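J.: The following block contains the structure, expressed as structure tokens.
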Amino acid sequence: MKKNIHPEYRAVVFRDRGAGHAFLTRSTATSERTIEWEDGRTYPVIDVDVSSASHPFYTGRTRVLDSTGAVEKFRRRYGK
């Protein structure tokens, strides 16, 4: 690899606040915020909206959306 052109690859904590789950991995992502991890060290933390702990594909829980209400609203507004 060429020197001084690649971002720093270091340990980072990714946290899914909705699921209350966090995991430590290596990444080039950066963050100003930090968190003290289970090993007593401080790492940058990046909050994510969805992770394997909250995604329906991995959890097996499906989210039911009110598609019927949306379709009816559309038909009332633009229907014949």
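J.: Of the listed peptides 7-14, 72-79, what is their order by residue-averaged count of other C-beta atoms within 10 Å, with the highest listed first? Don't jump to the answer; show the numbers that get you there.
T.: On the way: 7-14: 13.6, 72-79: 9.4.
So the peptides 7-14, 72-79, ranked by packing, come out 7-14, 72-79.
J.: Next question. Hey, any idea what % of segment 1-56's accessible area is carbon plus sulfur with a 1.4 Å probe?
T.: Ligands and nucleic acids excluded, carbon and sulfur give 48 percent.
J.: Another question about this same structure. What does the charge add up to near residue 22, with Lys and Arg as +1, Asp and Glu as -1, over the other residues with Cβ less than 11 Å from its Cβ?
T.: -1
J.: Which value in nm describes the separation of the simple spin-label points at residue 21 and residue 5, placed 7 Å from the Cα toward the beta carbon?
T.: 3.8
J.: Given labels modelled 7 Å from the Cα in the Cβ direction, how far is it in nm from residue 75 to residue 53?
T.: About 4.2 nm, to one decimal.
The values are calculated or read from the model by the stated rules, or taken from the named source; none is laboratory data. Only a predicted model underlies this, so the values are computations on that prediction, with no experimental measurement involved. Reconstructed Cβ throughout: ideal geometry from the backbone, glycine too, with neighbour counts over all protein chains shown. Side chains are part of the model used for accessible areas, which takes the heavy atoms of the whole protein and leaves out ligands, DNA and RNA. Shrake-Rupley method; radii C 1.70, N 1.55, O 1.52, S 1.80 Å.
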